[in-house]
Each structure stands twice: as structure tokens, then as C-alpha cells.
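Worksheet: one structure, shown below.
The values are calculated or read from the model by the stated rules, or taken from the named source; none is laboratory data. Keep in mind that this is a model prediction, so the values were computed, not measured. In this analysis, Cβ positions are derived from the backbone assuming ideal geometry, glycine residues included, and neighbour counts consider all displayed protein chains.
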Amino acid sequence: MNFNTKVIHGGQQHEPATGSVNVPVFLTSTFAQTSPGVHSGYEYSRAANPTRQALEDSLASIENGARGLAFGSGLAAIDCVLKLLNPGDEVIAVDDLYGGTYRMFTRLFEKYQLKFTFASFDDVSKISALITEKTKLIWLETPTNPLMKLVDIKAVTDLVKDKDILVAVDNTFATPYLQLPLDLGADIVMHSATKYLGGHSDVIAGALVAKTEELGEKLHFIQFASGGILGPHDSYLVLRGIKTLALRVQRHSENGLEVAKYLESHPAVDKVFYPGLESHPQHDLAKKQMKDFGGMVSFTFKSGKKEDAIKFLEKLKVFTLAESLGGVESLANHPTLMTHASIPAEKRSELGITDDLVRLSVGIEDKADLLADLERAFG
Ligand SMILES: *Cc1c(COP(=O)(O)O)cnc(C)c1O
């Protein structure tokens, strides 16, 4: 099955009792047994629920994995991965991380004696020097948020091929339409399904996909034992979103490129961060690793002034000033004051997240309206 078919049919069956074409929302906590321990395969909805199961099978299908798991949020999915580890284990993570991931690593899990090293993956060969006997997990995000840096996933998985180290990739920004980390050798894919998978800014959800059944089983045990599952209604919404994922990301990518080119040619703009631009330092890697370049675009102002970024954001009308991304509607965000406020100022400036940085989640509206909105906001 090809991707555009998988988003609609991958892992899906018509409901057997009635032939319902869509999976029903199974609003039930428990399932009747005919004799103690004799049941349909479902016992209690924390362990498995048919609506969540349909989503989990879809996730496994679209990411080319063995097992999908759906969680109450993207962070609950990350939490599940970290619980594979033991005190004393070490994690190497890409430095330009989603703020909430950074907060979880440093403020929740360091106290359980996990050690996190944050590093630039621009030159993957330098990562070897950071690997120790205790390294058990490499955590990647590509493209990163908000600076759209890329990591060469294949180079990283090749580096640790013979070692007992898992590679997990947060594939939220790219989506499986653009990039398939498991095919590039990764062990786990993670999503904030709140973003492109759900796609309509109407649900908070998370996902994991494991490359092997064995790893999928370990993660399912943690999901079951910790309880961070996605409810049936929200599972239905994400499954519904996935059906249009290919169409949406195609349009996000078309609009994203138009917006990036427009910004690059604008006299008030200094830098534009978008992997689809030839000026992006990793454009060649983007072409190799991704099918297209998506809808996330960040930029800075020539003036370098925070006030200019704020004025610009206040004037937007079609773009909504809001956190989050990946929905059909265009959103704009000021990382310093909004999504990345939890990262210490010193650390932010080290990474290049300056006060004049604006991040856009370019939606699927008409391009002309989006460009006109940006033009008005610069004026
Ligand atoms: C939003 C986001 C998360 C966290 O997901 P939630 O669904 O908000 O818990 C993790 N990684 C990235 C890249 C995100 O954008």
C-alpha cells in the first residue's frame, strides 16, 4: 500500500458486528466476559479499547512500524519512552528541543538519576565522543523547533548500529508524509498528535510507534502500567485527522515554501529558517531525507528588535497569534515569550532563539490571503 492509501486504510477494518465503515467511538471502560478470563480480546479500556486500537494500528501502518500506541498527550508519549530506562542511564538529546521535552528531561527525570547531555547534531561524527557505556537512548527532533535545524537520522542510526542504544525521533514537525525515521534505522517514532496528525487544533494527543514487536510490547506494558492512554473520543478525532494527512501536508508544504520565499525577499527580514530554501545550510540533507519541506517557517528581523516582532504579531489577522502548530489554520508564535519561555534566557541565546524570532505554522488557506496578511503586518 502506498502512503496516500495507508492514511485511509492502513490497519483499518470495517466494524465486524454492523459493517460500520468508520470505527465507532467505543465509550466503554469494560467488556463483558462469557466465562472468567474468556473474552473478545478486550477486558478494560486502559489496556485496550477498539477505537484506540484502530488509531494505534493506523499509526503503525503510516510510520512503517510494528506497533503503535496512543497517549493523552505528546509529553505522555515521551514520558513512556523514558520509563524504559534505569537510574544511571544516559540520554543524548539534540539541543534545539521542544521546550516541554527539555523541561521534562531536566526537571522531572534528572531527579531519578537519568543523565541528559544536550548536543548539536550538525556534525554527527562528533556525537561518538559523547557516547559512554551508560548511554541508552538518543533523542532526536528533526526539523527542530523553532530553528528548523535538521539531523541526519541515517547517520545517527549507523553510528550506534552495533550498540545497545535506542534512537527515538520526535517526528511531529515532519510527519510520516515527509519523513519515515524507522525506515532510516530509528527504533521509536514519537508524535505530538495534537499537531499535524490531528491537524485541526481540536485535540491534545500523543503517539509512539515501535519498529519491533518486542519493543512495542515493552512500551505497551509501560503505557498500561502508567495509564497515560488516549480516550476513545480523542482517538476517533486523531484517526479522522490522519485520513487527510497526505493532502494537508502537501498543501502545508506548498504554502510553507511560498511564505518562506516571500519572507526571504522582504527588506525587513534578516534570516529565514526553512529547510526548503536553498539558503538553508542543510538543504541537501532536507532533499535527501524529506519528501517535501512542510509548513513550519521561522524568521528574524533586520532591526533585531523584540518590539518589531511583537508589533508584527499584533497586526496579523489571518494568522492567529497562538501556541501550537500543525492545524489547518495558520498560527504565529513568539518563541521567547510563548512556547520557549520555559527555557532559561541564557540557554535560549546560546541556541540562537533571539527575541526578534517569529515562528509561523503556515496553514492550508489560500496563499494569496496569507501573503497579504504578512505584508499588512510588516507595514
Ligand atoms: C507540541 C509538541 C510536543 C508536546 O506534545 P503535547 O501534545 O503538547 O504534549 C512535543 N514535541 C514537539 C515537537 C511538539 O511540537
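At least 2 residues that are more than 24 Å from PHE105 (Cα to Cα) and out of contact with any helix residue (DSSP H, G or I) (no Cβ under 7 Å at 6 or more places or on another chain) in each: list the helices (runs of 4 or more DSSP H) lying fully within region 271-361 that qualify. Working first, answer last.
Numbers: elements: 283-289, 306-315, 345-351.
The qualifying helices (runs of 4 or more DSSP H) are 283-289, 306-315.
Yes or no, residue by residue, for (1) more than 22 Å from THR175 (Cβ to Cβ); (2) without any contact (Cβ under 8 Å) to a residue 24 or more places away in the chain:
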{"position": "GLN33", "(1), (2)": "yes, yes"}
{"position": "GLY72", "(1), (2)": "no, no"}
{"position": "ASP95", "(1), (2)": "yes, no"}
{"position": "LEU137", "(1), (2)": "yes, no"}
Members of region 24-55 found to be touching a His at 6+ places or on another chain (Cβ under 9 Å) and either at pLDDT below 95 or charged (D, E, K, R) (or both), listed by number: none
Residue match in region 293-316 (condition: within 16 Å of LYS367 (Cα to Cα), surrounded by 15 or more Cβ atoms within 10 Å (Cβ to Cβ), free of Cβ contacts under 8 Å to residues at least 60 places away in the same chain and more than 21 Å from the chain's Cα centre (by Cα)): no
Residue check for LEU237: assigned to a helix (DSSP H, G or I) and either in contact with a Cys (Cβ under 7 Å, 6 or more places away or on another chain) or not assigned by TED's automatic domain parsing to the domain that holds ASP369 (or both): yes
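So how many residues does region 144-166 have that are within 16 Å of the ligand (Cβ to nearest atom) and modelled with pLDDT of 95 or more? Spell out the reasoning first.
First, pick out the residues of region 144-166 that are within 16 Å of the ligand (Cβ to nearest atom): 144-151, 153.
Retained after the next criterion (residues that are modelled with pLDDT of 95 or more): 148-151, 153.
Number satisfying all stated conditions: 5.
May I ask you to verify whether GLY74 is within 27 Å of ALA246 (Cβ to Cβ) and within 16 Å of the ligand (Cβ to nearest atom)? Don't jump to the end; show me each part of the working.
Numbers: within 27 Å of ALA246 (Cβ to Cβ): yes; within 16 Å of the ligand (Cβ to nearest atom): yes.
Judged against the criteria, GLY74 is a match.
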Residue list for region 41-56, restricted to those being assigned to a helix (DSSP H, G or I) and in contact (Cβ under 8 Å) with a residue 12 or more places away in the chain: PRO50, THR51, ARG52, ALA54, LEU55, GLU56
Any hit, region 175-191, residues being under 14 Å from the mean Cα position of the chain (by Cα) and part of a loop (DSSP other than H, G, I, E, B): yes
Evaluation of ASP89 against (1) within 13 Å of the ligand (Cβ to nearest atom); (2) without any contact (Cβ under 8 Å) to a residue 60 or more places away in the chain; (3) surrounded by fewer than 20 Cβ atoms within 10 Å (Cβ to Cβ) (one fails), failing number: (1)
Any hit, region 98-112, residues being touching a residue at least 12 places away in the same chain (Cβ under 8 Å), under 15 Å from GLU141 (Cβ atoms), of a type in the set (S, T, N, Q) and assigned by TED's automatic domain parsing to the domain that holds GLY10: yes
Residue match in region 120-130 (condition: assigned by TED's automatic domain parsing to the domain that holds LEU166, in contact with a helix residue (DSSP H, G or I) (Cβ under 6 Å, 6 or more places away or on another chain) and farther than 16 Å from LEU75 by Cβ): yes
